[in-house]
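Here's the structure, in structure tokens; my notes come after.
The values are calculated or read from the model by the stated rules, or taken from the named source; none is laboratory data. Keep in mind it's a predicted model, so treat the numbers as computed, not measured. As a convention, Cβ positions derive from the backbone with ideal geometry for all residues, glycine included, and neighbour counts pool all protein chains shown. Ligands, DNA and RNA are stripped out before the accessible areas are found, and what is left, the full protein with its side chains, is counted by its heavy atoms. Shrake-Rupley method; radii C 1.70, N 1.55, O 1.52, S 1.80 Å.
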Amino acid sequence: MQTILSLLILCLAIAYVEYRLKSVRRDSADDRTDAKDYFATKEEVKNALGKLTEQINEFHAAMEERMASLEEKAFFTPQVEEAADTSSAAEQEEEPDPSVVYFRWPADDGSFTDSQRLTAQTEDTYYLFRLDDSRTRAAFTFVTMSDTQLSKANNSSKKYIERACTFVGAKSGRYVCTPGRAHLERGRWIIDQKARIEYQ
């Protein structure tokens, strides 16, 4: 029995040694293959990096050219925009708001003649009318452009102010005006409610 056991142990030992030898040979072969694969991979990586560098250089050159083109366009854009802004500003000046009109001063009965309306404020206009959509009703206010114009109106308030406005406080160089109401009838603006001037 001991002899059989010894033979069995010897066979196992021989089998283990053969297994280890085969394993060592296989590992050696794998190491050689791995070394070959490593050098081949290193060469492929090097080639790939070279191609990538070329592509990056081409991309960089294309981007520089694109940026130069954009800078050129950006340099001229403000001039074009400025010209467009100037033309639109000119159009705005040429086309005043049709719902806003100005009058000099009211007639003796406090009405304003529609044919004498102006589209721009001047030193001779004292009333701003804001027309509604029907163009037959309006809110109006007393407005002046300068101290000289206001002083002239205050000195002759019966002509310039009292026919269309009531006022509160002693006449001075500062005021606030609450709008009055008027309607258009047979070519004349008739006052429904006087504007109210509060001197400050």
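Using protein chains only and a probe of 1.4 angstrom, how many square angstrom of residue 118 are accessible, to the nearest 10?
Residue 118 has an accessible surface of roughly 50 Å² with all protein chains in place.
Using protein chains only and a probe of 1.4 angstrom, how many square angstrom of residue 144 are accessible, to the nearest 10?
Rounded to the nearest 10, the figure is 40 Å².
If each residue of separation counts as 0.36 nm, what is the full-extension length gain between residue 58 and residue 123 once their alpha-carbon separation is subtracted?
Full extension of this stretch gives 16.6 nm more.
Show me the three semi-axes of the equivalent ellipsoid for segment 135-200, from the C-alpha gyration tensor (sqrt of 5 times each eigenvalue), largest first, rounded to whole Å.
In descending order, the three semi-axes are 23, 12, 10 Å.
Just to make sure I understand: if all protein chains stay in place, what is the order of 177, 165 by accessible area at 1.4 Å, largest first?
In descending accessible area the options line up as 177, 165.
At a Förster distance of 25 Å, what's the computed FRET efficiency of residue 100 paired with residue 147, Cβ-Cβ distance as r, to 0.05?
Efficiency computed from Cβ-Cβ geometry: 0.60.
Leaving ligands, DNA and RNA out of it, work out the accessible area of residue 19 with a 1.4 Å probe and give it in Å² to the nearest 10.
Accessible surface of residue 19 is approximately 130 Å².
Run through segment 136-200 and list the trypsin sites (Lys or Arg not before Pro) located in a DSSP loop whose Cβ has at most 11 other Cβ atoms within 10 Å.
In loop regions of segment 136-200 (DSSP not H, G, I, E or B), the sparsely surrounded trypsin sites (Lys or Arg not before Pro) are 174, 186.
In nm, give the distance between the simple-model label positions of residue 23 and residue 185, each being 7 Å from the Cα along the Cα-to-Cβ direction.
So the two model labels end up 12.0 nm from each other.
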